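Right, one structure below, let's go through it.
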Amino acid sequence: MNHYDALLLLSFGGPEGPDDVLPFLQNVTAGRNIPAERLLEVAEHYHHFGGVSPINGQNRALIEALRESGFPLPIYFGNRNWHPFLTDTISLMKADGVERALVFVTSAFSSYSGCRQYREDIAKACEAVGPGAPTFDKLRVFYNHPEFVAVMAERVKEALAQLPDGSRVVFTAHSIPQGMARNCDYEVQLRDSASLIASACNLYRWDLAFQSRSGPPQVPWLEPDILDYLKSLPRSAGAGGAVPGVAVVPLGFVSDHMEVLYDLDYEAKNLAEELGLAFVRAGTAGTHPRMVRLIHTLVEERTSDSPIPLALGGRGPNHDVCPVNCCLRGEGRPPAPENSR
Ligand SMILES: CC1=C(CCC(=O)O)c2cc3nc(cc4[nH]c(cc5[nH]c(cc1n2)c(C)c5CCC(=O)O)c(CCC(=O)O)c4C)C(CCC(=O)O)=C3C
Ligand SMILES: [Fe+2]
């Protein structure tokens, strides 16, 4: 029997007021190659919503829903980039006598940003806290878990019910540099997850696009961008006929984040309007009761003597313990100019 004293919900963090925006963005981009103009542009996205990202509130609501569901362990909340900072949370856990904890990371897919970087964050925070810090075991990613697939299928159906027949379904996820994508299963997992959700909705076609690209323009990131995708949809009654509308499904975000509010609900929606496309943004998983059940089952799986790991499709349950080279950051370097050597 594997015993754990607590669950840590570990997330990205986001600002909760105008004064938080710049220091938050500085934390996110420290040591990253993000152009200054991009940073100012993103700061404006946050200010557009009063400097408040929904992410922390969504995570607190999920923790509340877990507690109300009779979760068997005390739950702690820590973030990479904003309060409550992971180091403070781990200090608190140590003071409370927690020795061994499971970690639920708020990312359904594996990438440097969603997997390895969180493990590095834990290692750094434990080092800062010093001797007596708890040990942590990360729960596996859940992109093909039946509960996650079921929630997202429900979200897709809700969106399609508001759209004319013949509308397209496009799943979106945060773009990452192609160099980073080569080091992980991010894109394969996204396609697998999207295809499982589409089957659950009896959809015969779906697409995958990316959003929220950052970094210098000469570095290739995953494409197509959601805006280019919308522009590419047939608009006149040609061979296949015009596409009347689109359901945009933020598959890569487990709850509403600034990227969802700004890049989809504002930018993509405005573009769709200009293009004459009906537009519905599907909901995120958020605090759906199935998300709560998902976390219960992931924890039961790790504490049971005879676990039955649930997974749909052909890829099976993802690993519990990451291999040494899992989700390396990758170079993301721009290609050398033609005339240099
Ligand atoms: C894969 C992935 C996820 C999903 C998995 C996961 O959850 O990790 C994710 C989530 C998020 N990304 C977020 C915000 C930002 N991401 C940035 C920058 C970057 N993201 C990247 C990737 C990802 N990001 C990458 C490769 C960069 C380039 C810099 C770097 O190599 O690290 C920047 C800098 C400015 C910009 O250029 O956009 C910001 C502000 C927020 C919070 C939103 C809110 O406040 O509601 C969340 C949940
Ligand atoms: Fe990001």
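The values are calculated or read from the model by the stated rules, or taken from the named source; none is laboratory data. Computed from a predicted structure; not experimentally measured. In this analysis, Cβ positions are derived from the backbone assuming ideal geometry, glycine residues included, and neighbour counts consider all displayed protein chains.
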Of the residues ALA159, ALA108, ALA128, ALA101, which is in contact with a helix residue (DSSP H, G or I) (Cβ under 9 Å, 6 or more places away or on another chain), closer than 22 Å to PHE210 by Cα and not polar (S, T, N, Q)?
-> ALA108
Count of residues meeting criterion [in contact with a Lys or Arg (Cβ under 7 Å, 6 or more places away or on another chain) and either small (Gly, Ala, Ser) or within 8 Å of ligand 1 (Cβ to nearest atom) (or both)] in the stretch 103-116 = 2
Examine the stretch 87-95 for a residue that is within 13 Å of PHE12 (Cβ to Cβ), at pLDDT 95 or above and either away from ligand 1 (no atom under 13 Å from the Cβ) or assigned by TED's automatic domain parsing to the domain that holds PRO72 (or both), and state whether such a residue exists.
-> no
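Being closer than 15 Å to VAL170 by Cβ and of a type outside the set (Val, Ile, Thr) is the requirement here; does GLU267 meet it? Full working, then the answer.
Working: closer than 15 Å to VAL170 by Cβ: yes; of a type outside the set (Val, Ile, Thr): yes.
Yes.
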Top-ranked residue of the stretch 14-42 - restricted to ones that are more than 8 Å from ligand 1 (Cβ to nearest atom) and aliphatic (A, V, I, L, M), ranked as farthest from the chain's Cα centre (by Cα) = ALA36
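Determine whether the stretch 149-168 contains at least one residue that is more than 16 Å from ligand 2 (Cβ to nearest atom), in contact with a Phe, Trp or Tyr (Cβ under 6 Å, 6 or more places away or on another chain) and on the phi < 0 side of the Ramachandran plot. Write out each step before concluding.
Initially, the stretch 149-168 is screened for residues more than 16 Å from ligand 2 (Cβ to nearest atom), giving 149-168.
Next cut, in contact with a Phe, Trp or Tyr (Cβ under 6 Å, 6 or more places away or on another chain) only: none.
Looking through the stretch 149-168, none of the residues is more than 16 Å from ligand 2 (Cβ to nearest atom), in contact with a Phe, Trp or Tyr (Cβ under 6 Å, 6 or more places away or on another chain) and on the phi < 0 side of the Ramachandran plot.
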Among the candidates GLY57, GLY78, residue that is within 16 Å of GLY14 (Cβ to Cβ), without any contact (Cβ under 8 Å) to a residue 60 or more places away in the chain and within 15 Å of ligand 1 (Cβ to nearest atom) | GLY57
Among residues of the stretch 225-241, those that are surrounded by 17 or more Cβ atoms within 10 Å (Cβ to Cβ) and away from ligand 1 (no atom under 16 Å from the Cβ), counted | 3
For ALA123, the lone unmet condition from (1) of a type in the set (Gly, Ala, Ser); (2) surrounded by fewer than 16 Cβ atoms within 10 Å (Cβ to Cβ); (3) within 16 Å of ligand 2 (Cβ to nearest atom) is (3)
How many residues are surrounded by 15 or more Cβ atoms within 10 Å (Cβ to Cβ) and farther than 19 Å from ASN2 by Cα when one looks only at the stretch 295-316?
-> 3
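Which residues, counting only those in the stretch 152-184, are β-branched (Val, Ile, Thr) and either under 18 Å from the mean Cα position of the chain (by Cα) or outside any strand (DSSP E or B) (or both)?
Of the stretch 152-184, the ones β-branched (Val, Ile, Thr) are 156, 169-170, 172, 176.
Within the stretch 152-184, VAL156, VAL170, THR172, ILE176 qualify.
Look at ALA125 and say whether it is under 24 Å from TYR76 (Cβ atoms), of a type in the set (A, V, I, L, M, F, W, C) and in contact with a strand residue (DSSP E or B) (Cβ under 8 Å, 6 or more places away or on another chain). Please lay out each step first, then the result.
Numbers: under 24 Å from TYR76 (Cβ atoms): yes; of a type in the set (A, V, I, L, M, F, W, C): yes; in contact with a strand residue (DSSP E or B) (Cβ under 8 Å, 6 or more places away or on another chain): yes.
Yes, satisfied.
The rows are residues; the columns are (1) touching a residue at least 60 places away in the same chain (Cβ under 8 Å); (2) in a helix (DSSP H, G or I); (3) more than 26 Å from PHE71 (Cβ to Cβ); (4) not acidic (Asp, Glu).
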residue: ASP256; (1), (2), (3), (4): yes, no, no, no
residue: GLU259; (1), (2), (3), (4): yes, yes, yes, no
residue: ARG290; (1), (2), (3), (4): yes, yes, no, yes
residue: ARG293; (1), (2), (3), (4): yes, yes, no, yes
residue: LEU298; (1), (2), (3), (4): yes, yes, no, yes
residue: ARG315; (1), (2), (3), (4): yes, no, yes, yes
residue: GLY330; (1), (2), (3), (4): yes, no, yes, yes
Consider VAL141 carefully, then state whether it is part of a helix (DSSP H, G or I) and under 21 Å from the mean Cα position of the chain (by Cα).
-> no
What pairs come up if the first residue lies in the stretch 160-181 and is more than 18 Å from PRO224 (Cβ to Cβ), the second is hydroxyl-bearing (Ser, Thr, Tyr) and at pLDDT 95 or above, and their beta carbons are under 7 Å apart, counting only those six or more places apart or on different chains?
-> LEU160/SER167
Is there a residue being surrounded by 20 or more Cβ atoms within 10 Å (Cβ to Cβ), closer than 25 Å to MET258 by Cα and away from ligand 1 (no atom under 16 Å from the Cβ) anywhere in the stretch 193-207?
-> yes
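The rows are residues; the columns are (1) in contact with a Lys or Arg (Cβ under 9 Å, 6 or more places away or on another chain); (2) over 30 Å from THR303 (Cβ atoms).
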position	(1), (2)
VAL149	no, no
MET152	no, no
ARG155	no, no
HIS174	yes, yes
ASN183	yes, yes
ARG213	no, yes
PRO220	no, yes
LEU227	no, yes
Determine whether VAL219 is touching a Leu at 6+ places or on another chain (Cβ under 8 Å), part of a loop (DSSP other than H, G, I, E, B) and farther than 25 Å from VAL141 by Cα.
-> no
